[in-house]
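Novice: After the structure tokens below, expect a handful of questions from me.
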């Protein structure tokens, strides 16, 4: 065990403290996972090295976050996303990455699907009926697309209103939109129709007297 | 006509259409040819494969609200309707719904922009990794700690043993076998009493024997008689056909 602890530390060169082994391990874990990993899971993996403290793990993750910051000078970044930690490419590398992958293909959704997704993201858990009510049009097809793309799932059934299926967003949604939690979404109020446009609508519908 | 362009938006949905008509297109409600809108919608629905009653009725409600609002504008002193919502109420409901939808559309636009901004951030798929030990994210929603879950599952797993199956005797019964058995019994003596021979057997054996019996009846090898429902069955071999009926089984 002691030998294990020392071996990788030496690779860091002189002056490195033994605590670096945690950072070294975390870096490997985040690189290999390919998806956000919760702190608890990271701690579970680190158990093979002996006792680990949550605050030490978090401290090391924060250090990695500083070393590989979002949109920073490095090709990848360490971020907290979707309730876990992950390593992902820097979006400034997108022009070159598009030589490997069709990055735009990751999330090509119709306007109808985006509207449906917005309703679910903000009002979840939400029923099909409520979505239809807000959009003013049947939303079965965008719902199917979103389920197929693993952006939403059935999260339960309504206690009233005939056990209607309720939808919520997935962790893939959080990953693709770069959100730590749903609380990272801008408040719904920020999308309210501006007073000017609202007045215009009311005027055209005859609530306010028309200028003619 | 300018509205032809707008008609193409019909497929986007009623609210979208209304909003475009009322606001974006800079058309006063008095200038909206409601009939053309209805016509465009009907054509759109007719072109579709399946009738979507929900959005059809939704459209009816919307278009009638719009009509009510328009009537109010055209005839300011018109007599209010006896029942149902007043023109003002109808308009307020319409306005609220259009605004709510508009808010949803703005949120959707934000999400689309966000998705585009995040598109360059790729997670590395672990192509050469072994079997995934971590549980899928979705299955862990609502569970505070994955580590605790793993620990608990390990305890449950350690406790579990193979279930005791000693009380389950291997019951082997086949229609084919029962046919053979019936033929052998009938060769010895005929007629036979079903209850005497199989009355003490397992229900499954009895059931399979009845199937075997039906098979023999259809082949014309036996005749059966049952005086009353659920009574004993008397089985008699049809001897006249000779040895030929025995096709080996």
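The values are calculated or read from the model by the stated rules, or taken from the named source; none is laboratory data. Quick caveat, the model's predicted, so the values are computed rather than measured. Positions of Cβ are generated from backbone atoms using ideal geometry, with glycine treated the same way; all protein chains shown enter the neighbour counts.
Novice: Please tell me if residue A:179 is in a loop (DSSP other than H, G, I, E, B), facing chain B (nearest Cβ under 10 Å) and within 13 Å of the chain's Cα centre (by Cα).
Specialist: Working: in a loop (DSSP other than H, G, I, E, B): yes; facing chain B (nearest Cβ under 10 Å): yes; within 13 Å of the chain's Cα centre (by Cα): yes.
So residue A:179 fits the description; yes.
Novice: Among the candidates A:57, A:37, which residue alone is in contact (Cβ under 8 Å) with a residue 24 or more places away in the chain and over 22 Å from residue A:172 (Cα atoms)? Steps first, answer last, please.
Specialist: Numbers: A:37 fails: over 22 Å from residue A:172 (Cα atoms).
Unique residue meeting the criteria: A:57.
Novice: I would also like to ask the following. Assigned to a helix (DSSP H, G or I), at pLDDT below 75 and either surrounded by 15 or more Cβ atoms within 10 Å (Cβ to Cβ) or within 11 Å of another protein chain (Cβ to nearest Cβ) (or both): does that describe residue B:57? Spell out the reasoning first.
Specialist: Working: assigned to a helix (DSSP H, G or I): yes; at pLDDT below 75: yes; either surrounded by 15 or more Cβ atoms within 10 Å (Cβ to Cβ) or within 11 Å of another protein chain (Cβ to nearest Cβ) (or both): yes.
Judged against the criteria, residue B:57 is a match.
Novice: Output the residue which, of all residues in segment A:145-176 that are in a loop (DSSP other than H, G, I, E, B), closer than 22 Å to residue B:115 by Cα and in contact with a strand residue (DSSP E or B) (Cβ under 7 Å, 6 or more places away or on another chain), is nearest to the other protein chains (Cβ to nearest Cβ).
Specialist: From segment A:145-176, those in a loop (DSSP other than H, G, I, E, B) are A:149-151, A:158-160, A:164, A:170; that's our starting set.
Add one more test, that the residue is closer than 22 Å to residue B:115 by Cα, and what stays is A:149-151, A:170.
From what is left, the residues that are in contact with a strand residue (DSSP E or B) (Cβ under 7 Å, 6 or more places away or on another chain) are A:151, A:170.
Details: A:151: 10, A:170: 6 Å.
Checking each candidate, the answer is A:170.
Novice: Ok, one more. Kindly indicate whether any position in segment A:185-199 is more than 11 Å from chain B (Cβ to nearest Cβ), in contact (Cβ under 8 Å) with a residue 60 or more places away in the chain and not in a strand (DSSP E or B).
Specialist: no
Here's the yes/no breakdown for (1) modelled with pLDDT of 65 or more; (2) under 35 Å from the mean Cα position of the chain (by Cα); (3) surrounded by 11 or more Cβ atoms within 10 Å (Cβ to Cβ); (4) facing chain A (nearest Cβ under 7 Å):
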position: B:109; (1), (2), (3), (4): yes, yes, yes, no
position: B:116; (1), (2), (3), (4): yes, yes, yes, no
position: B:124; (1), (2), (3), (4): yes, no, yes, yes
position: B:137; (1), (2), (3), (4): no, yes, yes, yes
position: B:147; (1), (2), (3), (4): yes, no, yes, yes
position: B:154; (1), (2), (3), (4): yes, no, no, no
position: B:159; (1), (2), (3), (4): yes, no, no, no
